[in-house]
Ligand code: NAD
């Protein structure tokens, strides 16, 4: 009798292992990228927990855990029985709140690592950013081997570096925490310029700027190539990373650029979105050096006047650099190690994005 039942119990054990390996938690799952991750993971048969400080959507297939990732007590229930954790939570870059970035992105991520280890999560996939190597100067086809920025462009990027980096003497940062001997594997995904339906940032801000009549000038010669990455490609990169992250795989403890692999002139991309939504594209060129020094002068004025009036300039030297420099990244490593290939081309991506924002379209 016992021998006849054996294949069934082996099958049961196999199915249990398979189910466990398809159980995941998306930290930051209520956000723009997070929601797209959740949808795709469900499509692929994963059982999905979402951990976030807010519930961004409703879905009966998803179990929500509302809490702060800086609290291990909050995190632990969401990680029970989970094989892979996708950590894509972060305060919004626009908040410019140094303490908050440090608390959530850096110390909070240490708490995520501790919590994962405590409950036996085997894999942690961190959403990092390609901006960790950007210092305001041209980067063309940059690889992951380029050093971290010595002068990161803002506090957000500074803490994205701290969160990801392998710093000797510190045992907790994500890539350094990769520990196959103890069955805990880590990998970081570095997307750049994520866009797509339901993004609360790029398209809505672009439209607001166009409506207010401030979208008239292009900084530089309009030729600087930049990566804009469709959200579904970013999701695809994360899921591939989670699936290919195995003991002895080359992914362990490494960072991977994930882009659309079709760099496009920064201003051409914005123009396509604007024209697609029936707004005027910027027409006039302003030399890069002029825009940079104007922004520098403005920041200096704000600094001098700081004790008297509080102003938060949006026209900063770093914003000028983001709009006027080349910064596009190689994703050859992701192609080689995990078979990454964008699933949506830039043309399709722009078309789908414009369609999804038809409510923001200017009436003719
Ligand atoms: P988002 O703001 O839409 O989502 C972030 C989510 O994190 C939100 O739902 C928020 O509530 C949650 N969160 C913030 N603090 C938290 C905390 N203390 N505890 C629990 N949850 C918390 O951001 P997004 O654009 O979806 O970005 C996702 C990730 O991708 C981030 O790590 C970001 O750094 C990275 N990234 C984004 C871009 C981009 O262009 N959007 C580019 C490169 C990298």
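Set the Cα radius of gyration of the stretch 79-151 against 2.2 N^0.38 Å, with N its number of residues, and you get 1.34. Given a Förster radius of 22 Å and the C-beta distance between residue 298 and residue 150 as r, what FRET efficiency does 1/(1 + (r/R0)^6) yield to the nearest 0.05? It comes out at approximately 0.35.
Please state, rounded to one decimal and in Å, the Kirkwood hydrodynamic radius that the stretch 237-307 gives when every pair of distinct Cα atoms enters the mean of 1/r. In the stretch 237-307 this quantity evaluates to 17.2 Å.
In terms of packing, defined here as the mean over residues of other Cβ atoms within 10 angstrom, the peptides 107-114, 340-347, 31-38 line up highest first as 31-38, 107-114, 340-347.
Eigenvalues of the alpha-carbon gyration tensor of the stretch 319-364, scaled by 5 and square-rooted, set the equivalent ellipsoid semi-axes at 29, 20, 7 angstrom, largest first. Contact order, relative form, for the chain: 16 percent (alpha carbon pairs under 8 Å, 6 or more residues apart, mean separation divided by residue count). Of all beta bridges that DSSP places with both ends in the chain, some 10 percent have antiparallel geometry.
The share of alpha-carbon pairs in the stretch 119-162 lying farther apart than 15 Å comes to 46%.
Expressed as a rounded percentage, what relative contact order does the stretch 42-107 have, with Cα pairs under 8 Å and six or more residues apart? Contact order relative to length: 24 percent. Here the relative contact order of the stretch 156-282, from alpha carbon pairs under 8 Å that lie six or more residues apart, stands at 32 percent. Based on alpha-carbon atoms, the Kirkwood radius and the radius of gyration of the stretch 34-83 give Rg/Rh equal to 0.95. Counting only the Cα atoms, the stretch 51-173 fills a convex hull of 139 Å³ per residue.
Evaluate the Kirkwood expression for the hydrodynamic radius of the stretch 246-364, namely the inverse of the mean inverse distance over all pairs of different C-alpha atoms, and round to one decimal in Å. It works out to 18.2 Å. The translational diffusion coefficient of the stretch 112-231, from Stokes-Einstein at 25 °C and 0.890 mPa s with a Kirkwood hydrodynamic radius over alpha carbon pairs, comes to 145 µm²/s.
Against the main long axis of the alpha-carbon atoms of the chain, helix 108-119 sits at an angle near 10°.
Computed on the chain, the Cα convex hull volume stands at 165 Å³ per residue. Computed over the stretch 171-289, the alpha-carbon pair-distance distribution with 10 angstrom bins reads 12, 32, 25, 17, 12, 2, each value a whole percent. Packing order of peptides 350-359, 62-71, 261-270, highest average first: 261-270, 62-71, 350-359 (average count of other Cβ atoms within 10 Å over each peptide's residues).
Just so you know, all these numbers are worked out from the coordinates, no wet-lab data involved. If you're wondering where the values come from, they're calculated on a predicted model, not measured in any experiment. Note that we place each Cβ from the backbone using ideal geometry, even for glycine, and neighbour counts take in every protein chain shown.
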